[in-house]
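Read the structure below first, then the notes.
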Amino acid sequence: MLMQLVQLAPSFFALAFVGTLTVLLSLSSLELTYHRDFKLEPALRLHGRMTLATALLGGYMGVLSIGRSTMCRQTGGGRWSGLVIAAVCVAVLFGLGWLMAWIPKVALGALVLYLGVGMLRQWLWDLRKDLSQADLLQVASILVCVIAFGYVVGFLAGLLAACIFFVVNYSHMPYIRLDTTLATVRSSVIREVSDQQYLSASGSACRIGRFEGFIFFGVANSIYEWYRAAAADRFSVLLLDFSHAKGIDQSAVSVLQKIVRNESLHGKRLILALSDQIHPLFSNAPAAPGVGQPSITHSFDAALEVAEEILLASRTGQAPAVADSFTRSLKFLESAQDRQAFAEFLEEMQLNQGDTLFVEGQASDETYFVESGRLEVVKTGLHHSAIRLAKIVAGSMIGEMALYSGRPRTASVIAVEPVMLRVLTHEGWNRMKMQRPDLASRFDHHVILSLANTVGRANAALSQQDG
C-alpha cells in the first residue's frame with residue numbers, strides 16, 4: 001500500500017497543481033462576470049476540504065464551474081441554489097437518480113445551449129473591441145481546442161499560449177534602465193579635480209548599460225544586439241550592470257559569455273555588476289580557454305569605481321611627477337615653490353584605521369587635503385544605521401564649505417585605512433590672504449572647480465536612482 005502511494009505521489013502533486021490553477025483561473029473569470037473581488041485564500045481552503053470529502057466518498061476532484069455559476073447568477077439564484085444542487089447530488093449518490101428522469105431532456109438541452117451561447121457571446125463577441133487581435137486569436141484557439149479535443153486539452157493549450165505570449169511580450173519590454181557613458185555617470189568616490197576633469201573628458205570611452213528584471217534568453221539576446229550595435233573601436237571599457245536583476249537562466253548566461261569572449265579577444269576591459277541571484281550562475285559557467293575574465297563587483301557604484309580606476313591608469317602624456325612631498329593634494333599649484341609656500345599655511349594630521357576625522361553636526365571651519373590613505377563619508381540613517389555616501393581617496397580635498405561658511409558638518413568622515421592629511425584652518429586661510437593673496441586666489445578657484453564637480457557627481461547619483 002505504501003509503495004503504491006509513493007508511486008502515485010507525482011500524480012497527486014500534478015492533480016493538486018492543476019486543481020489549484022483551475023480554481024485561480026475560474027475565480028478570475030467569475031470576478032470579471034460578477035464585477036467584484038473574491039478572497040482567494042478562503043476559496044482555496046474550501047476547495048481543499050471539499051476535495052478531501054469527495055475523495056473519501058470515492059468521487060473525483062471538485063472544480064469551480066464557471067458556466068453553472070454564471071447561469072445561477074443570471075437566473076437569480078443565490079446560496080440556496082448551491083445547497084439544492086448539493087442535495088440533488090447526495091440524493092443521486094444514495095440511489096435516487098430516478099428523480100432526474102422527471103426533468104425533460106429538452107429543458108436540459110435548451111439550458112446547456114443557452115449557457116454555451118451566452119458564454120460565447122461574453123468571451124468572444126462582447127470582448128472583440130476590448131481585446132487585441134493576438135488575445136482574441138488566443139481565446140478563439142482555446143475554444144477550438146476545447147470543441148475538438150476536450151476541456152483538458154483546451155486548458156493546457158491556453159496555458160501554453162499564455163506562457164508563449166508572456167515570453168514574447170516580456171522580451172519586448174524596456175530592459176535597459178541606463179544607456180550612457182562614464183562621462184556622465186560617476187561613482188561616489190571623491191577624487192582630485194584633475195582626475196575628475198580627465199574622467200569628464202575621457203569617460204566616453206567607457207560604455208555603461210544597466211539592465212533590470214529577469215534575464216532570460218530573449219532579453220539576453222536583445223542585450224547582445226544592443227552590445228553589437230556600437231562601433232567596434234568606439235569603447236575601450238564596457239560596464240554591464242545586473243545588480244538589480246531578479247535572476248537569469250542558463251541560456252542567457254551563454255549569451256553573456258559571448259560578450260565576455262568578444263571583449264577579451266579585442267583586448268578590451270569588461271566590468272560586470274552582478275546581483276546575488278545572478279553571480280553564482282555566472283561564476284559557475286565554464287570559461288573558454290584563453291579568454292580573460294571580467295572584473296566582477298556586487299554593486300553598480302563599485303563597478304563605476306573600477307571603470308574610473310581603469311581609465312585613470314590608462315592616461316598617457318601626463319606631466320612628469322614633481323619631486324616634492326605635496327604633489328598629491330596640492331596639484332592645483334603648478335610650481336614646487338608655490339606648493340612649498342602653500343604648505344607653510346597647513347598643519348599635518350595623522351589618522352589610524354577607524355579614526356573619525358569629524359562627526360555629523362560638529363562645528364568646524366577647517367579644510368583637509370588627503371595626502372595618502374582612504375576615508376569614507378557616512379551619514380546616520382534610520383534606526384541609527386550608518387549609510388556610506390562617498391569614498392575619499394588620496395589627492396582629494398574635503399570640508400571646504402565649512403572653511404567659508406562655518407556651518408556644522410553634514411556628515412561624518414571615518415578613515416578606512418591609515419591616513420595622512422594637511423589641514424588648512426580658518427586662521428591659516430586668513431593669514432594666507434594677507435601674506436600670499438595670489439595663493440589664496442588660486443585656492444578659491446580650486447574650491448569652485450571642486451564644488452562644481454561635487455554638484456555634477458550629485459546629479460549623476462540622482463540619475464542612477466530607481467524610478
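Matching residues to (1) surrounded by 12 or more Cβ atoms within 10 Å (Cβ to Cβ); (2) modelled with pLDDT of 75 or more; (3) within 26 Å of L111 (Cα to Cα); (4) of a type in the set (D, E, K, R):
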| position | (1), (2), (3), (4) |
| --- | --- |
| E31 | yes, no, yes, yes |
| R36 | no, no, yes, yes |
| A43 | yes, yes, no, no |
| G48 | yes, yes, no, no |
| A55 | yes, yes, no, no |
| S65 | yes, no, yes, no |
| R68 | yes, no, yes, yes |
| L83 | no, yes, yes, no |
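Summed over segment 411-457, the residues that are in a loop (DSSP other than H, G, I, E, B) and surrounded by 13 or more Cβ atoms within 10 Å (Cβ to Cβ) give a count of 5. Looking at segment 200-215, can you tell me whether even one residue there is modelled with pLDDT of 85 or more and either among the acidic types (D, E) or farther than 22 Å from A303 by Cβ (or both)? No, the conditions are met nowhere in segment 200-215. Evaluating D241 against the criteria (1) within 30 Å of T367 (Cβ to Cβ); (2) buried (at least 20 other Cβ atoms within 10 Å of the Cβ); (3) in contact with a helix residue (DSSP H, G or I) (Cβ under 7 Å, 6 or more places away or on another chain) leaves one unmet condition, (1).
Residue under question is S405, and the condition is that it be assigned by TED's automatic domain parsing to the domain that holds A341 and free of Cβ contacts under 8 Å to residues at least 12 places away in the same chain; does it hold?
On the way: assigned by TED's automatic domain parsing to the domain that holds A341: yes; free of Cβ contacts under 8 Å to residues at least 12 places away in the same chain: yes.
Against the criterion (assigned by TED's automatic domain parsing to the domain that holds A341 and free of Cβ contacts under 8 Å to residues at least 12 places away in the same chain), S405 qualifies.
What about R186, is it in contact (Cβ under 8 Å) with a residue 24 or more places away in the chain, of a type outside the set (S, T, N, Q) and closer than 27 Å to R442 by Cα? Yes: the conditions hold for R186. Scanning segment 138-163 for residues that are under 18 Å from V23 (Cα atoms) and aromatic (F, W, Y) gives Y151, F155.
If a residue must be of a type in the set (A, V, I, L, M) and surrounded by 14 or more Cβ atoms within 10 Å (Cβ to Cβ), how many such residues does segment 213-230 contain? Steps first, please.
Keep residues of segment 213-230 that are of a type in the set (A, V, I, L, M), which gives 215, 219-220, 223, 229-230.
Within this subset, residues satisfying the condition of being surrounded by 14 or more Cβ atoms within 10 Å (Cβ to Cβ) are 215, 219-220, 223.
Residues meeting the conditions: 4.
Residue check: T184 meets all listed conditions (1) in contact with a helix residue (DSSP H, G or I) (Cβ under 6 Å, 6 or more places away or on another chain); (2) part of a loop (DSSP other than H, G, I, E, B) but one, namely (1). Between F369, F345, the distinction of being among the aromatic types (F, W, Y), touching a residue at least 60 places away in the same chain (Cβ under 8 Å) and touching a strand residue (DSSP E or B) at 6+ places or on another chain (Cβ under 8 Å) belongs to F345 only. Just one of the numbered conditions (1) of a type outside the set (V, I, T); (2) under 18 Å from Q340 (Cα atoms); (3) more than 36 Å from the chain's Cα centre (by Cα) is not true of D365: (2).
Give the residue, chosen from A402, A390, that is surrounded by 18 or more Cβ atoms within 10 Å (Cβ to Cβ), at pLDDT below 85, touching a Ser or Thr at 6+ places or on another chain (Cβ under 6 Å) and of a type outside the set (S, T, Y).
Values: A390 fails: at pLDDT below 85.
Residue meeting the stated conditions: A402.
Here segment 272-291 is the region considered, the condition is being touching a strand residue (DSSP E or B) at 6+ places or on another chain (Cβ under 8 Å) and either part of a loop (DSSP other than H, G, I, E, B) or not assigned by TED's automatic domain parsing to the domain that holds L182 (or both), and the residue that is modelled with the highest pLDDT is S275.
Scanning segment 140-199 for residues that are at pLDDT below 75, within 32 Å of the chain's Cα centre (by Cα) and over 24 Å from A245 (Cα atoms) yields a total of 0.
The values are calculated or read from the model by the stated rules, or taken from the named source; none is laboratory data. Keep in mind that this is a model prediction, so the values were computed, not measured. Glycine also receives a Cβ, built like all others from the backbone with ideal geometry; neighbour counts cover every protein chain displayed.
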